Amino acid sequence: MSIQNYLTQQKAGERSQEWVVIEDFYNKKLWHQVTMAILKYVKVGPHKSGSLTELYKVFITDFDHRISPLALSSIGLCVSEDVPVTQRLEFLESLLKKVTSHTEAKIKIMSKIGSLKIDHGQIDEIEDMIKNLESLVDSLGEVTPVHGCFYELSAKYYKVKGDYNNFYRDSLRYLGCIDIDELTAKQQQEHAFHIALSALLGDKVYNFGELLAHPLLDALKVACPWIVELLLAFNRGDMDKLEELQPQWTQQPDLARNEVALKQKCALLGLMELTFNRASSPYSA
């Protein structure tokens, strides 16, 4: 299909006004304006299956060399969700070659490639990828939106590996890079639940303050209140509350398997709390 026929077809569709504007920018070679209009278009759905793939192949590839690498990566990632699963990795690897000159764009696309490889069970390749991505992220200096892409991937990797400590650390870093309101209620609940589990199960996690203060935890207060109560119990080393909540938390397989370790950790936290309170008492001397 020619570009002109494609544009004519789109102008006859439901979002005709947007395409009238896009066509005008395209004909006038206003590449920045075209890019911004296309970016807005792909982000706002719904889109029919295959429509974004067609948009990319027929229209965007005609001027993708004129699109900034960062904008192209954002457009390409939206399009990738429409590409058939069996072709998605190939599409992203092809897109990566077009943005190699831009570090942030590379990080975004490589992070998505890594996430797909985890989904496909190609775990062995991810550790080296994370090391390479970490070097790229560190080279940026200040925290940028693409840091969230990297931390989302690394947290996903550590979750699959069962590394509770690193999952907890990078999940909180990920949350620090995004607006949680952009997550659906279900996504918020899932993130909050798994981070809470990692806080309880991580053998190096003894400070629950950052998680307990995070607004994401509100997603669990109705959906799964017992785990919030359990976090609060651990935070103060409350063994009595741990025992009271045992009928609930032993229904969760990971917690049930680690019953002894959990009780030891809670007891240690109780001892730490007692020591701190005595040290801070004016009568402790």
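The values are calculated or read from the model by the stated rules, or taken from the named source; none is laboratory data. If you're wondering where the values come from, they're calculated on a predicted model, not measured in any experiment. Positions of Cβ are generated from backbone atoms using ideal geometry, with glycine treated the same way; all protein chains shown enter the neighbour counts. Heads up: the accessible areas ignore ligands, DNA and RNA and are worked out on the full protein's heavy atoms, side chains in. Shrake-Rupley method; radii C 1.70, N 1.55, O 1.52, S 1.80 Å.
Taking the protein heavy atoms of the chain in the context of the full set of protein chains, the accessible area attributed to carbon and sulfur is 51 percent at 1.4 Å.
Quick one: angle between helix 225-236 and the longest Cα principal axis of the chain, in degrees between 0 and 90, rounded to 10, please. Helix 225-236 sits at roughly 50 degrees to that axis.
The dipole here belongs to region 98-253: it is taken about the Cα centre, uses +1 on the Cβ of Lys and Arg and -1 on the Cβ of Asp and Glu, and is about 360 debye. On a straight-distance basis, which aspartates and glutamates could pair with LYS265 in a cross-link, Cα separation under 19 angstrom, same-chain partners fewer than 8 positions away excluded? Answer for LYS265, where 19 Å is the Cα cut-off: ASP163, ASP203, GLU210, GLU229, ASP238, ASP240, GLU243, GLU244, ASP254, GLU273, listed by chain and number.
Of LEU70, LEU268, LEU116, the residue with the greatest mean-square motion in the GNM of the chain, using alpha carbon springs below 10 Å, is LEU268. Count Lys and Arg as plus one, Asp and Glu as minus one, and take only other residues whose Cβ is under 14 Å from that of TYR157; the net charge is then -1.
By how many degrees, between 0 and 90 and to the nearest 10, does the Cα long axis of helix 31-43 differ from the longest principal axis of the chain? Here the helix axis deviates by roughly 50 degrees. If you wrap the Cα atoms of region 161-231 in a convex hull and average its projected area over all directions, you get 4.5 nm². Only Lys, Arg, Asp and Glu carry charge here, each on its Cβ (+1 for the first two, -1 for the last two); on that basis the chain has a dipole of about 480 debye about its Cα centre.
So, counting K/R as plus one and D/E as minus one, what does the shell of residues with Cβ under 13 Å around VAL83 add up to? Kindly include the intermediate steps, with their values, before the conclusion.
Values: positive: LYS57, ARG88, LYS112; negative: GLU54, GLU81, ASP82, GLU90, GLU93.
For residues surrounding VAL83, the net value is -2.
Beyond a 19 Å Cα-Cα separation, which of these cross-linked pairs lie in this structure: LYS112/LYS156; LYS159/LYS204; LYS131/LYS156; LYS48/LYS97? Let's see the in-between values first.
Numbers: LYS112/LYS156 11 Å; LYS159/LYS204 16 Å; LYS131/LYS156 15 Å; LYS48/LYS97 27 Å.
Those over the limit are LYS48/LYS97.
For n ≥ 4 DSSP H runs only, could you compute -39500 (n - 2.57) per run for the chain, divide by its residues and tell me the 222 nm figure to the nearest 500? Spell out each step's value before the answer.
On the way: 18 runs with 199 residues, N = 285.
The helix-only estimate for the chain comes to -21000 deg cm²/dmol at 222 nm.
Dipole of the chain computed with +1 at Lys/Arg Cβ and -1 at Asp/Glu Cβ about the Cα centre; of LEU77, THR53, ILE109, farthest Cα towards the positive end is THR53. For a quick check, take a GNM of the chain with Cα springs below 10 Å and name the residue from LYS98, LYS156, LYS204 with the largest mean-square fluctuation. So, out of LYS98, LYS156, LYS204, the one fluctuating most is LYS204.
Ordering SER139, VAL20, MET1 by the projection of their Cα atoms onto the charge dipole of region 1-142, which places +1 on the Cβ of Lys and Arg and -1 on the Cβ of Asp and Glu, puts VAL20 at the extreme positive end. With a ≥ b ≥ c taken as the square roots of the eigenvalues of the C-alpha gyration tensor of region 68-138, please select rounded if a/c is under 1.5 and otherwise prolate if a/b is larger than b/c or oblate if it is not? Judged from the Cα gyration tensor, region 68-138 comes out oblate (a/c at least 1.5, b/c at or above a/b).
Give, as a single signed number, the net charge of other residues whose beta carbon lies under 15 Å from the beta carbon of PRO69, with Lys and Arg counted +1 and Asp and Glu -1.
Working: positive: ARG66, LYS97, LYS98, LYS106, LYS108, LYS112; negative: ASP64, GLU104.
Once positives and negatives cancel, what remains is +4.
When the GluC sites (Glu not before Pro) in region 121-164 are filtered for DSSP coil states and for at most 13 other beta-carbon atoms within 10 Å of their beta-carbon, the remaining sites are GLU142. Between the labelled values (1) 19.5, 64; (2) 23.2, 92; (3) 24.1, 86, the entry that holds Rg and Dmax of the Cα atoms in Å as derived from this structure is (3).
Quick one: if the Förster radius is 30 Å, what FRET efficiency do ALA256 and ILE180 give, using the C-beta to C-beta distance and rounding to 0.05? Efficiency for this residue pair is about 0.55.
Could you please tell me the mean projected area of the C-alpha convex hull for region 96-217, averaged over all directions and given in square nanometres to one decimal? Don't skip to the end; give the middle numbers.
On the way: hull surface 32.0 nm².
That works out to 8.0 nm².
Enter the angle in degrees (range 0 to 90, nearest 10) between the Cα long axis of helix 85-97 and the first principal axis of the Cα atoms of the chain, meaning the one along which they spread out most. Value to nearest ten degrees: 80.
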